[in-house]
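Taking it in order: structure first as structure tokens, then the write-up.
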Amino acid sequence: MVKIPIAIVGAGGMGGRHLRALGALYESGMANVELAAVCDTREENAIHLANNAEEMLGSRPEVFTSMETMKKMRPDIEAVDITTDSGSHHLVAEMAFDLGYNVLCEKPLSLTIRGCNRVIDAWKRSGKVLSVGEQERRDPMCRLNKAVLDAGAIGDPYSFLLGSARGGNDIIIWPWRHYKNIGGIFVDAGVHAVDQMMYYLGDIEEVYAVSKVWEPKRYKGEKIGVANFYEHWANEVPDEIDADAEDMVISTLKYKSGAVGQWTSMFAAHGETTEYGMIYGSKGSMAPAKQRRGAPLTLTIDGVGQVSGDEVLELVPDFHLDELPARLFGADRLGSYDTPFEDADRFLVALEYYELGQCIADGTKPEVDAYIGRKDLAVCNAALESSVLGRAVTVEEIENEETAQYEASINAHWNI
């Protein structure tokens with residue numbers, strides 16, 4: 001198999017997370033990309049990731065501190081995987097396209113619609129591939145959720161109730177996720193939730209929401225980041241920070257299909273944590289399986305009762321995973337799985353890498369493109385804009401920049 005040379009741009013915690021995914025792809029025997037370089041403006045970060053790559057992958061990628069230099073020194077590299085902090089994604093992606101690279105970009109594509117549009121313009125000029133990192137829908141259980149809904153097992157979907165509450169006043173994952181103009185935990189995590197909601201029930205067209213900053217002071221907790229991706233830099237996290245990004249957003253969502261959703265995203269919850277998801281339809285309900293957990297989904301169907309685990313597979317006899325996810329997770333038909341979280345996480349990003357290689361080689365289109373990535377962001381920003389304006393906001397208004405009061409300070413910060 002021909003392997004396409006790629007580079008990871010952004011060698012912090014997320015870069016390390018993606019490196020593990022490359023390791024999983026290599027181990028699968030289906031690797032169609034090869035890590036040739038690591039690029040980070042902090043050379044020590046790039047060296048750290050390159051050293052880990054040598055140990056994990058068996059060869060050491062070259063180290064660069066700028067994409068321009070990398071392009072001159074390694075013109076054979078065809079694609080970059082952008083894993084920098086969220087606020088800079090649009091800048092790095094735009095530069096990457098102007099240099100002639102294909103791009104896999106971590107979510108969100110930008111923090112604002114204007115930033116997304118700049119990336120889209122650069123992508124169109126380049127004629128290259130752009131894939132946005134929304135890996136959660138690729139989980140075998142999320143694929144099964146979708147297949148069961150499409151098969152009409154619970155009838156026509158009426159409502160999707162989704163929510164979580166946790167966090168207290170800890171610094172969550174990394175300090176920049178608490179600064180509105182360079183991150184924001186609601187947007188950073190919320191685009192994943194929105195992508196799931198629209199993957200299952202179709203496009204959201206209108207949002208009414210209230211948002212708050214409950215914890216303007218955040219403190220370094222006992223643990224930093226997800227799994228152990230950020231431990232190398234734990235001593236760089238201050239003991240306390242001043243936060244200005246919303247840590248609670250409660251939204252009512254109207255889908256184009258007529259379905260109505262309720263979405264609670266709270267990162268300032270003290271005491272007991274909660275996480276819930278339920279889809280109600282005309283014939284029953286579904287508690288959708290969560291990504292990276294492997295636990296089964298559960299249906300409660302009128303006149304039938306509960307159906308869960310492998311029994312769900314009987315409702316979708318034609319459901320099968322593609323070859324690579326079947327190799328990674330152990331079978332092409334799964335009602336549940338017991339893969340550890342860290343492995344499931346790297347498997348899902350490995351699927352994104354593989355798809356990138358396929359798209360470059362075959363000229364095919366990635367599943368999550370720029371327009372899906374922009375719409376995922378638009379729903380999040382519609383919620384934040386709604387809270388500012390005190391009225392319902394359509395996603396079309398956000399995508400067309402007909403109203404952008406919330407985004408104004410972010411655009412000004414990045415000079416977009």
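Please work out the average accessible area per residue across segment 159-231, using the 1.4 Å probe convention, and give it in Å².
On the way: 2730 Å² over 73 residues.
For segment 159-231, the solvent-accessible area averages 37 Å² per residue.
Between segment 1-78 and segment 212-244, the alpha-carbon centres lie 27 Å apart. Evaluated at q = 0.13 Å⁻¹, a Debye calculation over the C-alpha positions of the chain (equal weights, vacuum) places log10 I(q)/I(0) at -1.20.
A straight Cα-to-Cα reach below 18 Å connects residue 254 with the lysines 375, residues fewer than 8 places away in its own chain not being considered. Measuring nothing but alpha carbons in segment 1-52 and taking Rh as the Kirkwood radius, the Rg to Rh ratio lands at 0.99.
Pairs of Cα atoms in segment 165-259 fall into 10 Å distance bins, from 0 up to the last occupied one, in shares of 15, 41, 27, 14, 3 percent. Between the C-alpha center of segment 343-416 and that of segment 155-184 there is a gap of 15 Å. Work out the P(r) tail for segment 95-143: percent of alpha carbon pairs separated by more than 11 Å, whole number. Percent of Cα pairs beyond 11 Å in segment 95-143: 70. Among the GluC sites (Glu not before Pro) in segment 265-368, those placed in a DSSP loop whose Cβ has at most 11 other Cβ atoms within 10 Å are 272. If the chain linking residue 156 and residue 415 were pulled fully straight, counting 0.36 nm for each residue of separation and taking away their Cα-Cα distance, it would gain 88.8 nm.
Take each complete run of DSSP H in the chain, measure how far its Cα atoms stretch along the helix's own axis, and keep only those covering 18 Å or more with mean Kyte-Doolittle hydropathy at least 0.0; list them.
Working: long enough: 13-28 (23 Å, -0.16); 43-57 (20 Å, -0.55); 113-126 (20 Å, -0.64); 185-201 (24 Å, 0.85); 341-362 (32 Å, 0.07); 370-389 (27 Å, 0.59).
What comes out of the filter, once short or polar helices are dropped, is 185-201, 341-362, 370-389.
Multiplying the sequence separation of residue 210 and residue 326 by 0.36 nm and subtracting their Cα-Cα distance, what value in nm do you get? Result: 37.6 nm gained on full extension.
With helices as the sole contributors, the chain gives -11500 deg cm²/dmol at 222 nm; each DSSP H run of n ≥ 4 counts as -39500 (n - 2.57), and the sum is divided by every residue.
Rolling a 1.4 angstrom probe over the protein heavy atoms with all chains in place gives segment 246-323 an accessible area of 51 Å² per residue.
Between residue 99 and residue 276, the distance separating the two model label sites (each 7 Å from Cα on the Cα→Cβ line) works out to 4.8 nm. Note on surface exposure: 232, 89 rank 232, 89 by accessible area, highest first, 1.4 Å probe. Here the Debye sum runs over all C-alpha atoms of segment 45-159 as equal scatterers in vacuum, and log10 of I(q)/I(0) at q = 0.16, 0.21 Å⁻¹ comes out as -0.86, -1.14.
Accessible surface of segment 24-172, 1.4 Å probe: 46 percent of it comes from carbon and sulfur atoms. What would the Debye formula give as log10 I(q)/I(0) at q = 0.26 Å⁻¹ for the alpha-carbon point model of segment 24-103, no solvent? Evaluating at q = 0.26 Å⁻¹ gives log10 I(q)/I(0) of -1.37. For the pair residue 42 and residue 166, a Förster radius of 30 Å applied to the C-beta separation gives a FRET efficiency near 0.50, rounded to the nearest 0.05. With a Förster radius of 41 Å applied to the C-beta separation of residue 310 and residue 232, the computed FRET efficiency comes to 0.50. Given a 1.4 Å probe and the protein chains as shown, residue 267 ends up with an accessible area of around 10 Å². Counting pairwise Cα distances across segment 303-416, what percent come out greater than 21 angstrom? Percentage above 21 Å: 62.
If the convex hull of the alpha-carbon atoms of segment 86-238 is projected onto planes in all directions, what is the mean projected area in square nanometres?
Working: hull surface 47.3 nm².
That works out to 11.8 nm², a quarter of the Cα hull's surface.
The values are calculated or read from the model by the stated rules, or taken from the named source; none is laboratory data. This structure is a prediction, so every number in the text was calculated from the model and none was measured. So basically every Cβ, Gly included, is an ideal-geometry build from the backbone, and we count neighbours across all protein chains shown. We work out accessible area using only protein heavy atoms, side chains counted, and drop any ligands, DNA or RNA first. Shrake-Rupley method; radii C 1.70, N 1.55, O 1.52, S 1.80 Å.
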